[in-house]
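Read-outs throughout are calculated quantities, based only on the coordinates presented, and are distinct from any laboratory measurement. All values reported here derive from a predicted model rather than from experimental measurement. Ideal geometry is used to build each Cβ from the backbone, glycine not excepted, and the neighbour counts take in all protein chains shown.
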Amino acid sequence: ELKVEQNPLFLSMQEGKNYTIYCNYSTTSDRLYWYRQDPGKSLESLFVLLSNGAVKQEGRLMASLDTKARLSTLHITAAVHDLSATYFCAVDAFTGNQFYFGTGTSLTVIP
Amino acid sequence: DAGITQSPRYKITETGRQVTLMCHQTWSHSYMFWYRQDLGHGLRLIYYSAAADITDKGEVPDGYVVSRSKTENFPLTLESATRSQTSVYFCASSYDTQYFGPGTRLTVL
């Protein structure tokens, strides 16, 4: 069974600081997705990474994919309070378009 | 409105009752999915469907039934609800990525 691990599970950081969330997965895949979820809300797609070395950036968030290391990172630059949310990575298992989700990283940005 | 909708948004039921959660998408996406989200477990796939009349089990299918007679609809039925099925249920459809509905918060008393 494909395993997807995120770390850290909880992250509290000050505004203006940088940090990285890591997503490791256990099987070969070159399709990795990042989502954001606000409390009580649904999941919102952030990034779609479809090949080794893919890098996508949106505002203060940048995601990258290293398929050889089976690792994706979500880098936060100069965090602001609005980025407080839970972030999930998901891996496409090539089986029926199924995604396997990490357990999420709960990010709190402190003013 | 275009997109993916779920109904009801909130549901309280009793143990042993049958409950159906509805999911409707307007994009004509082939693939649709049902997940449950619980603290400590993240999102777990219940069932998915590759097209109308094609469904398959996910990670946690026991106690659930799905059907897909039309591309746009993918209802999830709890045949005899149990307290362990108290959860938030998300429906999704996929094209380049999976797009999630707003969720249904189900409480089984």
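So for the pair A:Ser12, A:Glu44, with labels modelled 7 Å out along Cα→Cβ, what separation do we get in nm?
In this crude label model, A:Ser12 to A:Glu44 measures out at 2.5 nm.
Just the projected area, averaged over all directions, of the convex hull on the alpha carbon atoms of region A:4-105: how many nm²?
6.1
I need the P(r) histogram for region B:4-101: all alpha carbon pairs, bin width 10 Å from 0 out to the longest distance, whole percents.
Pairs per bin, as whole percents: 16, 53, 27, 3.
Lysine pairs in the protein assembly as shown with alpha-carbon atoms under 22 Å apart, 8 or more places apart or on different chains: how many are there? Don't skip to the end; give the middle numbers.
Numbers: A:Lys3/A:Lys68; A:Lys3/B:Lys57; A:Lys17/A:Lys56; A:Lys41/B:Lys11; A:Lys56/A:Lys68; B:Lys57/B:Lys70.
Taking the protein assembly as shown as the scope, the lysine pair count is 6.
Could you work out Rg/(2.2 N^0.38 Å) for the protein assembly as shown, with Rg from alpha carbons only?
Numbers: Rg = 17.6 Å, N = 220, 2.2 N^0.38 = 17.1 Å.
Relative to the rule-of-thumb radius for its length, the protein assembly as shown sits at 1.03.
According to a simple spin-label model (label point 7 Å from Cα along Cα-to-Cβ), what is the distance in nm between B:Arg17 and B:Lys70?
Label at B:Lys70, label at B:Arg17, 2.6 nm between them.
If you average the C-alpha positions of region A:54-111 and of region A:10-33 separately, how far apart do those two centres end up, in angstrom?
5
What does a probe at B:Thr77 reach in region B:3-25, counting residues whose amide N is under 11 Å from the point 7 Å along Cα→Cβ?
Counting backbone N atoms under 11 Å from the label point, the list is B:18-21.
Can you pull the one-decimal nm distance between simple spin-label points at B:Asp53 and A:Thr28, each 7 Å off the Cα toward Cβ?
About 3.5 nm, to one decimal.
If you keep only loop residues by DSSP, which trypsin sites (Lys or Arg not before Pro) in region A:18-111 have at most 11 other Cβ atoms within 10 Å of their Cβ?
Working: sites: A:Arg31, A:Arg36, A:Lys41, A:Lys56, A:Arg60, A:Lys68, A:Arg70; in loops: A:Arg31, A:Lys41, A:Arg60, A:Lys68, A:Arg70.
Counting only loop positions with at most 11 other Cβ atoms within 10 Å, the trypsin sites (Lys or Arg not before Pro) in region A:18-111 are A:Lys68.
Would you mind calculating the gained length between B:Thr26 and B:Thr86 on full extension (0.36 nm times residue separation, minus the Cα-Cα distance), in nm to one decimal?
Working: separation 60, 0.36 × 60 = 21.60 nm, distance 2.78 nm.
Between B:Thr26 and B:Thr86, full extension yields 18.8 nm more.
Which value in Å is the Kirkwood Rh of region A:10-56 over different Cα pairs? Provide the component values of the computation, followed by the final result.
Values: mean 1/r = 0.0757 Å⁻¹.
Evaluated on region A:10-56, it is 13.2 Å.
What does the charge dipole of region B:23-109 about its Cα centre add up to, to the nearest 20 debye, if the Cβ of each Lys and Arg holds +1 and the Cβ of each Asp and Glu holds -1? Please report the intermediate quantities before stating the final value.
On the way: 7 positive and 8 negative charges, 43 e Å.
My answer is approximately 200 debye.
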